Amino acid sequence: MSTSTPGVDALVDDLRRWLPEQRWFAAKGQKLDVVRVTHAAMVADGLLHALIEVDGDEVYQLFIGVRDTVPEHLTTWVIGRLGDSFAYDATHDSDLMAVLLDLLAANGESGGVRWHTEPGVEVVTGLRARPVGVEQSNTSVVFGYHYILKIFRRPAPGLNRDVELHRALHQAGSAHVAEPVGYADGHGMVLAFAQRYLDAAAEGWATATASVRDLLAEADLHAGEVGGDFAGESARLGAAVATVHANLAKALGTDTLSAGRLSRAVDEMHGRLDAVLTEVPELAEHESVVRTAFDAVRGLVDGVLVQQVHGDLHLGQVLRTTSGWVLIDFEGEPASRPADRVRTRSPLRDVAGMLRSFDYAALHLLAGDESDHQLHIRAAEWADRNRSAFCDGYATVGDDPRAQAVLLRALELDKAVYEVAYEHRNRPDWVGIPLAAIQRAAQA
């Protein structure tokens, strides 16, 4: 362990308890066997940077504040004690986060962490920091109305996909991503990523679900008759996603899967289904339909075009700004291994993810409640209307996704199978949403 902070190992037992309670922790609620501090060093007075190895295969990053007394607004974030001092999650401490902005502006290095601004960027300092409270797998801090700094909770060795794809899109002149500002690295990993903060931006999930609420409040009206109709935005979002795909293809190239690689991709789908079937017996009723859809992909004799894509696209990964839609968080699926995230994929994987997200937006308010059939009909109608609008918008820039029905169907079902497992583990009341989608596919 490299450390200039005596006694950091004293936090290990506290971390074993505290880590599974954090929403960005992958194995939430599970008992941890091995927790080891692999690096700990002071970045500034009262601010400690640490890398924590969990059960031998996961590394987590923490910025830890150290104070003799903790203000009331920080008591929720206390991890434990370091000697006579309290140790707590420093991402909620505005004063300590300001230190990171100063280091970025100065292209500084401290505590084994190096900070770099992007070429031509001058960072303004003296801005108040505040954490963003809506993320899951990482933690972001906003500085004034200028920048947003994403701290990667599970940094991985090598280049960072989020940084590299944002750079490629920004250099291509894309209007659908925020400008990269800088990054931090150390120990062979990218540790943080700063971008321009998009003021007055609305999250896609919040905007879409507001439309659903308007519809459900007027259940005697159709989706296109309600004042909050979202179909126009869905079409514009589809065009934005297609534009990002075109920019990525031009900047980073494309490839075509050989028959062998395509067959292996189908085998992976079957493998994921096998794993979920052991957890969720209810899925067995539709197993044959799902497997048939997967195997149909093997017959795509013209091959499948692949490229770099978003990798985990849904309504929570897009923002509606005053000038249009912006895509965020190009890290890929959080549950995937780092090596899998950097693989090229069909752009239809992103399309399938967004189509599934429309289904979620429409039905999540009714999850577990089958009492009002009319509301379920209206919600399904909203999903169908917006799924179609998204594809219509996509087709104004790229190829119509519906023209590749075999591949799109398989990818949607693959995503739904993943959702079944996720909801079974985390939100059992919601497992009916992806199961219902699979049932509809079986009936179709």
Two decimals is fine: what's Rg over Rh for the chain, C-alpha atoms, Kirkwood radius as Rh? 0.98
Report the normalised scattering of region 19-145 as log10 I(q)/I(0) at q = 0.16 Å⁻¹, calculated by the Debye formula with identical scatterers on the alpha carbons. -0.89
If you average the C-alpha positions of region 98-132 and of region 10-24 separately, how far apart do those two centres end up, in angstrom? 27 Å
Hey, in the GNM for the chain with a 10 angstrom Cα cutoff, which one of Gly260, Gly186, Gly65 fluctuates hardest? Gly260
Can you spot the aspartates and glutamates whose alpha carbon is less than 12 Å from Lys31's alpha carbon? Ignore those fewer than 8 places along the same chain. Asp13, Glu21, Asp55
Computed over the chain: longest principal axis from alpha-carbon atoms vs helix 94-105 long axis, angle to nearest 10 degrees, is 90 degrees
Select from region 321-398 those trypsin sites (Lys or Arg not before Pro) which occupy a DSSP coil region and have at most 15 other Cβ atoms within 10 Å, ordered by residue number. Arg343
Count neighbours as other Cβ atoms within 10 Å of each site's Cβ, and list the GluC sites (Glu not before Pro) in region 106-171 that are DSSP loop with at most 10 such neighbours. Glu122
About the Cα centre of the chain, what is the dipole size in debye to 20, counting +1 per Lys and Arg Cβ and -1 per Asp and Glu Cβ, all else neutral? 820 debye
Comparing Ile377, Ile64, Ile151, which has the greatest mean-square fluctuation in the GNM of the chain with Cα pairs linked when under 10 Å apart? Ile377
Fewest-first ordering of Tyr394, Tyr147, Tyr422 by Cβ atoms within 10 Å yields Tyr422, Tyr147, Tyr394
Tilt of helix 347-363 relative to the longest C-alpha principal axis of the chain, in degrees (0 to 90, nearest 10)? 90 degrees
Whole angstrom only: what separates the Cα centroid of region 203-268 from the Cα centroid of region 286-326? 10 Å
Which three extents, in angstrom, do the Cα atoms of region 202-443 have along their principal axes, listed largest first? 51, 45, 30
Once the Cα gyration tensor of region 94-196 is found, what semi-axes does its equivalent ellipsoid get, as square roots of 5 times the eigenvalues, in whole Å, sorted largest first? 19, 17, 15
At 7 Å along Cα-to-Cβ for each site, give me the label-to-label distance between Tyr422 and Asp400 in nm. 2.9 nm
Tell me, how many Å apart are the Cα centres for region 149-199 and for region 352-426? 29 Å
Over region 2-90, equivalent-ellipsoid semi-axes from the Cα gyration tensor in Å: 20, 16, 11
In a GNM of the chain with a 10 Å cut-off on Cα contacts, which of Val70, Val43, Val301 has the highest mean-square fluctuation? Val301
Once the dipole of region 181-240 is set up with Lys and Arg at +1 and Asp and Glu at -1 on Cβ about the Cα centre, which of Gln195, Ala208, His222 lies farthest towards its positive end? Gln195
Which FRET efficiency value, to the nearest 0.05, is calculated for Asp95 and Arg298 with the Förster distance at 60 angstrom and r the Cβ-Cβ distance? 0.55
Chain lengthening between Thr278 and Glu381 when straightened (0.36 nm per residue, less Cα-Cα): 33.8 nm
Rounded to the nearest 10, the angle in degrees between the Cα long axis of helix 204-217 and the longest principal axis of the Cα atoms of the chain comes to 50 degrees
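Computed from the coordinates by the stated procedures, all read-outs in this text should not be read as laboratory data. Fair warning: this is a prediction, and the values are worked out from it, not measured in the lab. We place every Cβ from the backbone using ideal geometry, glycine too, and count neighbours over all the protein chains shown.
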